[in-house]
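Student: Attaching a single structure in structure tokens format; questions to follow.
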């Protein structure tokens, strides 16, 4: 494997593929490279300001792009969750007991969501349910 410097926002390795989030002008790109860092394919390109790779497994990737959460499976990306406010982003993810939890960050109300399959999500609680004076969540962690 060779080494290279990439101006990436986020990166993840799945088997013999490297998924890299890049900013090109006003567009965010998700290209797939091989371990020699040669281009394999482009999975996603979108206009946006912030994007994070949250979870990587052998057959899927969970990505936050601005106010949307995308599930990438089989090289195709689709929106599986939208934040309660278009200026909010999905910020942290954790898991436990067969579930994944993610929270949004930004303007109230912000929420914590849960999923068993990464495709169907349910709202667990909002910051305002806990504290009417709060702005948002800063992190989420699972404690069995």
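Every residue, every condition in (1) within 22 Å of residue 31 (Cα to Cα); (2) buried (at least 19 other Cβ atoms within 10 Å of the Cβ), yes or no:
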| site | (1), (2) |
| --- | --- |
| 68 | yes, yes |
| 82 | no, no |
| 103 | no, yes |
| 111 | no, yes |
| 130 | no, no |
| 139 | no, no |
| 142 | no, no |
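Student: Residue by residue through the stretch 31-51, note down the ones that are modelled with pLDDT of 70 or more and either loosely packed, with under 12 Cβ neighbours inside 10 Å or closer than 25 Å to residue 116 by Cα (or both).
Tutor: 36, 38, 39, 41, 42
Student: Moving to a separate point now. Residue 87 passes all but one of (1) touching a strand residue (DSSP E or B) at 6+ places or on another chain (Cβ under 8 Å); (2) at pLDDT 80 or above; which number fails?
Tutor: (1)
Student: I would also like to ask the following. Under the condition of being under 14 Å from the mean Cα position of the chain (by Cα) and assigned to a loop (DSSP other than H, G, I, E, B), which residue from the stretch 88-132 is nearest to residue 67 (Cα to Cα)?
Tutor: 88
Student: Moving to a separate point now. When residues of the stretch 70-80 are filtered for being surrounded by fewer than 17 Cβ atoms within 10 Å (Cβ to Cβ) and in a strand (DSSP E or B), how many remain?
Tutor: Residues meeting the conditions: 4.
The values are calculated or read from the model by the stated rules, or taken from the named source; none is laboratory data. Being a predicted model, the structure only gives us computed values, none of them experimental. Every residue, glycine as well, gets a Cβ built from its backbone with ideal geometry; the counts of neighbours run over all protein chains shown.
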